[in-house]
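Below is one structure; the comments refer to it alone.
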Amino acid sequence: MAIRAFVLLLILCLQADAVRAAGIELPVPRQTIAAGTEISHQHLIERSFPARTAQQFAVSTHRSQLVGMVARRTLLPGQPVPVKSVEKPVLVRRGEPARLVFREQGLVIIMQVEALQNGGAGSFVRVRNIDSGLVVSGRVQEDGTIRVEN
């Protein structure tokens, strides 16, 4: 009976080692990626890491999470990419002119505004009407315009 328990314990330990040895493929930079660089497929390779790496750290697990994004800081080759170290490309820049679009029932109003925040596609930003000084919020569109949500 003791031998049977020993063998069972040995099998469980070997299985635990196999699970620990199991890895996960993560996208990593092929070479150093400077801050402000838009990431493309050519910048990335896959590298194997212990499965716990993705569980313990907030890192990107798929290329689709990185391609088209902009590095917020320098990314080192061969290292997993932290989620917070990339962002959507900035389409609207604080202090610069932007176009605000309001659409409702066929009526379209377009006006020049000053952006009060940086923003990428899909993010909400505050803008100021240059003529009236009125501050409104809108969602940045893929083309860089800001759409007022009604």
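Nothing in this text is a laboratory measurement; each read-out follows from the coordinates by a stated rule. Just so it is clear, the structure is predicted and the values come from calculations on it, not from any experiment. Heads up, the Cβs are rebuilt from the backbone with ideal geometry, glycines too, and the neighbour counts pull from every protein chain shown.
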Quick check on my filter: what residues within segment 39-57 are in contact with a Pro (Cβ under 8 Å, 6 or more places away or on another chain) and loosely packed, with under 13 Cβ neighbours inside 10 Å? GLU46, PHE57
Going by the conditions given, is ARG63 within 30 Å of ARG93 (Cα to Cα), touching a Ser or Thr at 6+ places or on another chain (Cβ under 6 Å), surrounded by 11 or more Cβ atoms within 10 Å (Cβ to Cβ) and touching a residue at least 24 places away in the same chain (Cβ under 8 Å)? no
Unique residue being more than 24 Å from HIS41 (Cβ to Cβ) and among the hydroxyl-bearing types (Ser, Thr, Tyr) when the list is SER132, SER64, SER85: SER132
Within segment 131-142, restricting to residues that are over 18 Å from the mean Cα position of the chain (by Cα) and touching a residue at least 24 places away in the same chain (Cβ under 8 Å), the one that is surrounded by the most Cβ atoms within 10 Å (Cβ to Cβ) is GLY138
Answer from ARG72, ARG103, ARG47 - the residue that is closer than 20 Å to VAL140 by Cβ and out of contact with any helix residue (DSSP H, G or I) (no Cβ under 8 Å at 6 or more places or on another chain): ARG103
